[in-house]
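The values are calculated or read from the model by the stated rules, or taken from the named source; none is laboratory data. Because the structure is a prediction, the values reported are computed rather than measured. A quick note on method: Cβ atoms are made from the backbone with ideal geometry, for glycine too, and the neighbour counts reach across all protein chains shown. Please note that ligands, DNA and RNA were not included when accessible areas were found on the heavy atoms of the full protein model with its side chains. Shrake-Rupley method; radii C 1.70, N 1.55, O 1.52, S 1.80 Å.
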Amino acid sequence: MEIRQMTAAYLLRGKQLLMIRKSKSRHHQAPFWSGLGGHLEPEEINAPKQGCLREIHEESGIQPSEISDLTLKYILLRIKGDEIRQQFVYFGRTDREHLVPSEEGELHWIDRERLFDLNMSAINTFMLKHYFSHPAQEEVLVGTITMNDGEEPVMQWATLKDPLKF
């Protein structure tokens, strides 16, 4: 199995979240929504925040100096075909309203009330629902998506902690 490491950013501006509408991907042929992000470059494997900032700038034109409180909140794990995907998910804030056109898709500021009307992957939907229902969360959570007996996707969460033992 291949390992694919990725990063994603969800930027807030007031009660809006920056989302990108992609027309399709190699795994999904219908339009869908996600945060900004993509694959880590080889030199970013041990510095996913650097990759996250690069992706934000490439996809929106937002400079690192225009972002505040960019914090790792989730590490998401899933199997997709013959890949294990590990995604480092950051949340931050920006006051920047106007964005550059992106070759990756259409950028939109989405009101939180409309967020879950969008066509998103199950793992992103679970993660965003968790984030907005736990606004004071300070620790990093690891999320794995799996299937229950009824063949519906479910999310399992664990707090990432150092057990302080060998």
Some residue of region 111-127 being of a type in the set (Lys, Arg) and free of Cβ contacts under 8 Å to residues at least 60 places away in the same chain: yes
Selected residue (criterion: least open to solvent (accessible area, probe 1.4 Å)) from residues of region 128-166 that are small (Gly, Ala, Ser) and either farther than 25 Å from residue 15 by Cβ or touching a residue at least 60 places away in the same chain (Cβ under 8 Å) (or both): 143
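Results for (1) more than 27 Å from residue 134 (Cα to Cα); (2) in contact with a helix residue (DSSP H, G or I) (Cβ under 8 Å, 6 or more places away or on another chain); (3) among the hydroxyl-bearing types (Ser, Thr, Tyr); (4) modelled with pLDDT of 95 or more, shown as yes or no for each residue.
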position	(1), (2), (3), (4)
30	yes, no, no, no
36	no, yes, no, yes
49	no, no, no, yes
62	no, yes, no, yes
69	no, no, no, yes
75	no, no, no, yes
83	yes, no, no, no
89	no, yes, no, yes
Failed criterion for residue 96 (all others in (1) open to solvent by 20 Å² or more (accessible area, probe 1.4 Å); (2) in contact with a helix residue (DSSP H, G or I) (Cβ under 9 Å, 6 or more places away or on another chain); (3) outside any loop (DSSP other than H, G, I, E, B) hold): (3)
Unique residue being closer than 25 Å to residue 145 by Cβ, free of Cβ contacts under 8 Å to residues at least 60 places away in the same chain and touching a Ser or Thr at 6+ places or on another chain (Cβ under 6 Å) when the list is 59, 44: 59
